[in-house]
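Encoded as structure tokens, the structure appears first; notes follow it.
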Amino acid sequence: MTLSTPMVTAAICSFNAAQTITSALSSAASQDWPALEVLVIDDASTDDTLSAIEEFIQNNKKNPPIRVLQNQENLGVASCRNRLIDAANGEFIAFFDDDDISQPQRISIQMARLAEAEAFIGKDLAICHSARQQIYPNGVIHYEQTMGGQTGEIPSGDAVVERILLGRVTPNVIGSCATCSQLGRKTVYQRLGCFDEKLRRAEDTDFAIRLALAGGAFAGVDEALVQQLITPGTEKRLEAEHEAYVALLHKHREFLALHGWLGFFELWQDARLLHLKGQKAALLRKLALIGIRYPLKTVQKLLWSLPASKTRRQQKRWHNAHNIAESP
């Protein structure tokens, strides 16, 4: 791949983001990549999101061009991303969220890093993520590492699948693959059938698993090029998180069965929910049951969970505070 100046589409999904969408659009439009378009879709918002988008477009006197798509009913983020992929004029797509802010050099840095990944594996089946600076409502700022950092080998294939589904730790296969910091070729998304619209959540994780199963590579940028605001939403409830996790395990149960982990995860998924809910006594009983039935796997899973423990603790605190705030 040569970095002449292929077109990149900055793609934004928006829903009920009237307070943040202007900043997100400004962030996308301010990218320093010379061949850029901004494409935003509104997923049938019930607030003034669409009006804010239209006002921004009217006030955008300079390049890049900005186009807007609109859903007549709420279809979910997977459907929105697929519409963005289909409508994109860019050879490459960089996904932005409606409440995040990216550094102006984000696309330029990721394009260079993606070129390294494609050269490393000898084909264009790769994507690139950057690390993120997560900002919680209580003011806590958390650096979230991304997979495939610049100090190690670019991971690909089964090692990535095992990290995502099993939690297995191998060199440079630690960190997340959030779509809000993702850049890839349009043809890569199309080749894999884009995002699974049956999944209302965890569709990004599912895409990463399918890419890894196809032998794709995951290049990471260590610099936090995305500032991610952690905002509430019904899809982020503990129950919704748990349902998405279970759906993901069910979809990829063939891989789990092939590697001898299916029975373990049928029990582990319940232990995970107890942990998120802070039900310590029930969690200990469940872990004891799992440990008796799968002693080696239990030890392995607990050890593999350590590198991401800080992230999980912060997410658990946020979930608990948010759930309490939503309670009648």
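The values are calculated or read from the model by the stated rules, or taken from the named source; none is laboratory data. None of the values given here were measured: they were computed from a predicted structure. As a convention, Cβ positions derive from the backbone with ideal geometry for all residues, glycine included, and neighbour counts pool all protein chains shown. The protein model used for the area step is the full one, side chains on, heavy atoms only, and it has no ligands, DNA or RNA in it. Shrake-Rupley method; radii C 1.70, N 1.55, O 1.52, S 1.80 Å.
Among the residues of region 55-69, is any polar (S, T, N, Q), touching a strand residue (DSSP E or B) at 6+ places or on another chain (Cβ under 7 Å), exposed (fewer than 15 other Cβ atoms within 10 Å of the Cβ) and over 29 Å from Y136 (Cα atoms)?
Checked against the condition, which is being polar (S, T, N, Q), touching a strand residue (DSSP E or B) at 6+ places or on another chain (Cβ under 7 Å), exposed (fewer than 15 other Cβ atoms within 10 Å of the Cβ) and over 29 Å from Y136 (Cα atoms), region 55-69 yields no hits at all.
Out of T187, T205, I need the residue that is more than 23 Å from T20 (Cβ to Cβ) and in contact (Cβ under 8 Å) with a residue 60 or more places away in the chain. Which one? Talk me through it step by step, then tell me what you get.
On the way: T205 fails: in contact (Cβ under 8 Å) with a residue 60 or more places away in the chain.
Result of the check over T187, T205: T187.
Please count how many residues of region 156-195 are of a type in the set (G, A, S) and modelled with pLDDT of 95 or more.
3
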* Among the residues of region 9-16, is any over 19 Å from the mean Cα position of the chain (by Cα) and either surrounded by fewer than 16 Cβ atoms within 10 Å (Cβ to Cβ) or within 26 Å of R185 (Cα to Cα) (or both)? -> no
* Asked: Is region 231-243 home to any residue that is within 28 Å of G152 (Cβ to Cβ), open to solvent by 30 Å² or more (accessible area, probe 1.4 Å) and touching a residue at least 12 places away in the same chain (Cβ under 8 Å)?
  -> no
* Out of I85, I93, which single residue is β-branched (V, I, T), modelled with pLDDT of 95 or more, in contact with a Phe, Trp or Tyr (Cβ under 6 Å, 6 or more places away or on another chain) and buried (at least 19 other Cβ atoms within 10 Å of the Cβ)? -> I85
* Asked: Under the condition of being among the charged types (D, E, K, R) and farther than 15 Å from S30 by Cα, which residue from region 99-117 is farthest from the chain's Cα centre (by Cα)?
  -> E116
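Here are some residues: A52, A115, A44, A18. Which one is hydrophobic (A, V, I, L, M, F, W, C) and within 30 Å of I154 (Cα to Cα)? Lay out the reasoning, then the answer.
Working: A52 fails: within 30 Å of I154 (Cα to Cα); A44 fails: within 30 Å of I154 (Cα to Cα); A18 fails: within 30 Å of I154 (Cα to Cα).
A115 is the lone residue from the list that is hydrophobic (A, V, I, L, M, F, W, C) and within 30 Å of I154 (Cα to Cα).
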* Please enumerate the residues belonging to region 155-194 that are open to solvent by less than 10 Å² (accessible area, probe 1.4 Å) and of a type in the set (A, V, I, L, M, F, W, C). => V160, V161, L165, L166, V173, C180, L183, V188
* In region 29-49, what count of residues is obtained for those that are within 19 Å of R81 (Cα to Cα) and either in contact with a helix residue (DSSP H, G or I) (Cβ under 9 Å, 6 or more places away or on another chain) or assigned to a loop (DSSP other than H, G, I, E, B) (or both)? -> 11
